[in-house]
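Comments concern the structure below.
The values are calculated or read from the model by the stated rules, or taken from the named source; none is laboratory data. Keep in mind it's a predicted model, so treat the numbers as computed, not measured. Positions of Cβ are generated from backbone atoms using ideal geometry, with glycine treated the same way; all protein chains shown enter the neighbour counts.
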Amino acid sequence: MAIEPILTARGLVKRYGRVTALDHADFDLYPGEILAVIGDNGAGKSSLIKAISGAIRPDEGEIRMEGRPIQFASPNDARKAGIETVYQNLALSPALSIADNMFLGREIRAQGFMGKFLRKLDHGAMEKIAREKLSELGLMTIQNINQAVETLSGGQRQGVAVARAAAFGSRVIILDEPTAALGVKESRRVLELISDVRSRGIPIVLISHNMPHVFEVADRIHIHRLGKRLTVIDPKQYTMSDAVALMTGARSVEAEAVPA
Amino acid sequence: MSEPTAAAPHHDYEKVLRDSAVEVASFDTGDKSVVQKFRNFLHSSPSAVSLIVLVTSLIIFGILLGGKFFNAFSLTLILQQVAITGIVGAAQTLVIMTAGIDLSVGAIMVLSSVVMGQMVFRYGVPVEIAIPCGFAVGALCGFINGFLIARMKLPPFIVTLGMWQIVLASNFLYSANETIRSQEIGATAPLLQFLGNNFRLGGAVFTYGVVAMVLLVALLWYVLNQTAWGRHLYAVGDDPDAAELSGVNVKRMLVSVYVLAGVICALAGWASIGRNGSVSPTVGQFANIESITAVVIGGISLFGGRGSILGMVFGALIVGVFSFGLRMLGTDVQWTYLLIGVLIILAVAVDQWIRKAAS
């Protein structure tokens, strides 16, 4: 493949005490693709995702974005670089409203004196954008954009988190188990949303245990096992049971597996 | 890489979705009992309970005591008596909203006031500089609290319990247990007593300390509700991990909250010079307990992330109205403490009951 990857990681190591979560893991994401990351529980998927989204700092290894080495000290750094993540635990503040949550950490200030010197927020503009993004998603029926997130159902909360990522992710969007808490219909909407985002040219990293969903939308599948990348496969050439066999160690990698 | 294909054929079991219901879920609004509606109202307006208690207690004491309670002079006297609790309570509110607690507020208040006084009378520093020095000391104490809590990850209760003793002892050592008398202050540095000066509007008497409290609360209300810093404060108190992942710098947030609390305590120290006239290292021993009482009665959750600063003011006023009213009735002062104890427990019980409204 001649195309340069947008995001690469080489030799990432992350240890928690005596547990090695990442053991020289590699990662490549190409422009415009949907890369699924699958692996058994404890394989280090979450640590890998946290390392590239700035939530943890790897002990060793290098992450490059468009060829330039990058180091994220916090999720905010990653967000500034255009990498937006929907975490499995959603990272929403229950007592704050939907609009407040969507704009947490990047609030819009009011125009003119009030905004500049008194740092007043433009609640109207934020509510308007939040409402637009949510209706674009069509994922839920929310009566009041100012209702607290704790009053929403699990699926609705998921929708808010996905809408937040889709609204602000400009370079890469990372989704950690986006359909795990959702019903059949909501899952379908999220998958459609993923295809929508891809058609805008933004690459997506999708972590999921749901094999039908992974095989439906992914262009390539990164299989993570024992803290490192085992292989990357093309979903058109492998079956779901092949993938499960690989990620659980029931089968070893063949020589002809698609290289990264 | 392969060109984007339309999403592969949907799974069979999903085909029936086409015929699924399209009407949206609606919330039941009509068939709620009055009690449920009331509970939902209380849930959405966290300072309402304390306001209702305040108005009720004003009415009860008004009926019991009549005109000698219900006049501008008495009511503004209550305001003067709660001004310092209100200011310290504002500092406590900010800290408690981050799911912390600050036991050192009273000690920081006293130390700041002692520094303001000693600067003038021991070192001959002009009073205009001595007062900012007091504020700087308050900020420094707050910074130590914040640093230990945010960076060293020590529990706020332990850190501020320790700082309470440390600051209080420093205060006694530094001041050599010496009181600066009111007449001396009045003669050389009347600005120290400025917040104790009063002005009249008809029968009502306001001190500048009361004005300072009202302005401070109004300012903090604005900051909490209208600025990003305020939204972040709620988010940090609610769920610090989620706030961090959403891009809030939790550590910096916590440090800034404790520093601000220290500065507000220094303001309370200045106001206490005005109220007492003198600078004494022994005042304000109960400021921390009084401020926590005001916060709890004001319906602010000790678990963080919830509540309104207006609730704290109502809480402080409730305590003020009870102490003043019961004293006018001529009851033993212990009845005041007993009733306030009951109120604290009731406030938390009501808070729990309201919380269930959300579920």
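What are the residues in the stretch B:222-237 that are touching a Ser or Thr at 6+ places or on another chain (Cβ under 6 Å) and among the small types (Gly, Ala, Ser), if any? Spell out how you get there, then give the answer.
Within the stretch B:222-237, the first condition is being touching a Ser or Thr at 6+ places or on another chain (Cβ under 6 Å), and the residues that meet it are B:235-237.
Correct list: B:Ala235, B:Gly237.
If you scan the stretch B:99-118, which residues turn out to be over 23 Å from B:Ile185 (Cβ atoms) and surrounded by fewer than 24 Cβ atoms within 10 Å (Cβ to Cβ)?
Quick first cut of the stretch B:99-118, residues over 23 Å from B:Ile185 (Cβ atoms) only: B:99-105.
Matches in the stretch B:99-118: B:Ala99, B:Ile101, B:Leu103.
For B:Gly298, only one of the following conditions fails: (1) under 25 Å from B:Ala150 (Cα atoms); (2) in contact with a Gly (Cβ under 8 Å, 6 or more places away or on another chain). What is its number?
So the condition that B:Gly298 fails would be (1).
Report every pair of residues separated by at least 6 positions or lying on different chains whose Cβ atoms are under 6 Å apart, first residue within the stretch B:164-178 and part of a helix (DSSP H, G or I), second of a type in the set (Gly, Ala, Ser).
So the pair list comes out as B:Trp164/B:Ser104; B:Trp164/B:Ala107; B:Val167/B:Ser104; B:Val167/B:Ala107; B:Leu168/B:Ala107.
What's the number of the only condition in (1) assigned to a helix (DSSP H, G or I); (2) within 13 Å of another protein chain (Cβ to nearest Cβ) that A:Arg119 fails to meet?
Going through (1) assigned to a helix (DSSP H, G or I); (2) within 13 Å of another protein chain (Cβ to nearest Cβ) one by one, A:Arg119 breaks only (1).
Does B:Leu103 satisfy being more than 30 Å from B:Gly202 (Cβ to Cβ), modelled with pLDDT of 95 or more, out of contact with any Lys or Arg (no Cβ under 6 Å at 6 or more places or on another chain) and in a helix (DSSP H, G or I)?
Numbers: more than 30 Å from B:Gly202 (Cβ to Cβ): yes; modelled with pLDDT of 95 or more: yes; out of contact with any Lys or Arg (no Cβ under 6 Å at 6 or more places or on another chain): yes; in a helix (DSSP H, G or I): no.
Considered against the rule, which asks whether it is more than 30 Å from B:Gly202 (Cβ to Cβ), modelled with pLDDT of 95 or more, out of contact with any Lys or Arg (no Cβ under 6 Å at 6 or more places or on another chain) and in a helix (DSSP H, G or I), B:Leu103 comes out as no.
For the stretch B:197-238, enumerate the residues that are among the hydroxyl-bearing types (Ser, Thr, Tyr) and away from chain A (no Cβ under 11 Å). Explain how you work it out, then say what you get.
Start the filter on the stretch B:197-238 by keeping residues that are among the hydroxyl-bearing types (Ser, Thr, Tyr), which leaves B:207-208, B:222, B:227, B:234.
Those that are among the hydroxyl-bearing types (Ser, Thr, Tyr) and away from chain A (no Cβ under 11 Å): B:Thr207, B:Tyr208.
Can you list the helices (runs of 4 or more DSSP H) lying wholly within the stretch B:248-357 that have 1 or more residues being at pLDDT 90 or above and buried (at least 23 other Cβ atoms within 10 Å of the Cβ)? Full working, then the answer.
Working: elements: B:250-276, B:287-297, B:309-329, B:333-355.
By residue number, B:250-276, B:287-297, B:309-329.
So which residues in the stretch A:48-91 are crowded, with 22+ Cβ neighbours inside 10 Å, closer than 24 Å to A:Asp219 by Cα, free of Cβ contacts under 8 Å to residues at least 60 places away in the same chain and of a type outside the set (A, V, I, L, M, F, W, C)?
The answer is A:Lys50, and nothing else.
Tally up the residues in the stretch A:108-122 that are touching a residue at least 12 places away in the same chain (Cβ under 8 Å) and surrounded by fewer than 19 Cβ atoms within 10 Å (Cβ to Cβ), please. Walk me through how you get there before you give the answer.
In the first step, residues of the stretch A:108-122 are kept if they are touching a residue at least 12 places away in the same chain (Cβ under 8 Å); the result is A:108-110, A:121-122.
When the remaining residues are screened for being surrounded by fewer than 19 Cβ atoms within 10 Å (Cβ to Cβ), the result is A:108-110, A:122.
Qualifying residue count, the stretch A:108-122: 4.
Out of curiosity, is A:Ile202 surrounded by fewer than 22 Cβ atoms within 10 Å (Cβ to Cβ), modelled with pLDDT of 85 or more and assigned to a loop (DSSP other than H, G, I, E, B)? Outline the logic, then answer.
Details: surrounded by fewer than 22 Cβ atoms within 10 Å (Cβ to Cβ): yes; modelled with pLDDT of 85 or more: yes; assigned to a loop (DSSP other than H, G, I, E, B): yes.
For A:Ile202, the condition - surrounded by fewer than 22 Cβ atoms within 10 Å (Cβ to Cβ), modelled with pLDDT of 85 or more and assigned to a loop (DSSP other than H, G, I, E, B) - is met.
Tally up the residues in the stretch A:86-113 that are of a type outside the set (Ser, Thr, Tyr), more than 9 Å from every other protein chain (Cβ to nearest Cβ) and not in a loop (DSSP other than H, G, I, E, B), please.
6
In the stretch A:201-244, which residues are of a type in the set (Gly, Ala, Ser) and without any contact (Cβ under 8 Å) to a residue 24 or more places away in the chain?
Quick first cut of the stretch A:201-244, residues of a type in the set (Gly, Ala, Ser) only: A:201, A:208, A:218, A:227, A:241, A:243.
Within the stretch A:201-244, A:Ser241 is the sole residue that qualifies.
Please give the strands (runs of 3 or more DSSP E) falling wholly within the stretch A:1-61 in which 2 or more residues are within 14 Å of chain B (Cβ to nearest Cβ). Quick ask: steps written out before the conclusion?
Details: elements: A:7-16, A:19-29, A:34-39.
Of the strands (runs of 3 or more DSSP E) lying wholly inside the stretch A:1-61, those with at least 2 residues that are within 14 Å of chain B (Cβ to nearest Cβ) span A:19-29, A:34-39.
Those residues that are touching a Ser or Thr at 6+ places or on another chain (Cβ under 6 Å) and either facing chain B (nearest Cβ under 10 Å) or touching a residue at least 40 places away in the same chain (Cβ under 8 Å) (or both), I need them from the stretch A:178-200; list them, please.
In the first step, residues of the stretch A:178-200 are kept if they are touching a Ser or Thr at 6+ places or on another chain (Cβ under 6 Å); the result is A:179, A:187, A:190.
Answer for the stretch A:178-200, where residues must be touching a Ser or Thr at 6+ places or on another chain (Cβ under 6 Å) and either facing chain B (nearest Cβ under 10 Å) or touching a residue at least 40 places away in the same chain (Cβ under 8 Å) (or both): A:Ser187, A:Val190.
Looking only at the stretch A:215-240, count how many residues are of a type outside the set (Lys, Arg) and either assigned to a loop (DSSP other than H, G, I, E, B) or farther than 22 Å from A:Asp23 by Cβ (or both).
Step one: filter the stretch A:215-240 for residues of a type outside the set (Lys, Arg), giving A:215-219, A:221-224, A:226-227, A:230-235, A:237-240.
Pick out the ones that are also either assigned to a loop (DSSP other than H, G, I, E, B) or farther than 22 Å from A:Asp23 by Cβ (or both) and you get A:215-219, A:226-227, A:234-235, A:237-240.
Within the stretch A:215-240, residues that are of a type outside the set (Lys, Arg) and either assigned to a loop (DSSP other than H, G, I, E, B) or farther than 22 Å from A:Asp23 by Cβ (or both) number 13.
Does at least one position in the stretch A:225-232 carry a residue that is on the phi > 0 side of the Ramachandran plot and buried (at least 22 other Cβ atoms within 10 Å of the Cβ)?
Yes: the stretch A:225-232 contains one or more residues that are on the phi > 0 side of the Ramachandran plot and buried (at least 22 other Cβ atoms within 10 Å of the Cβ).
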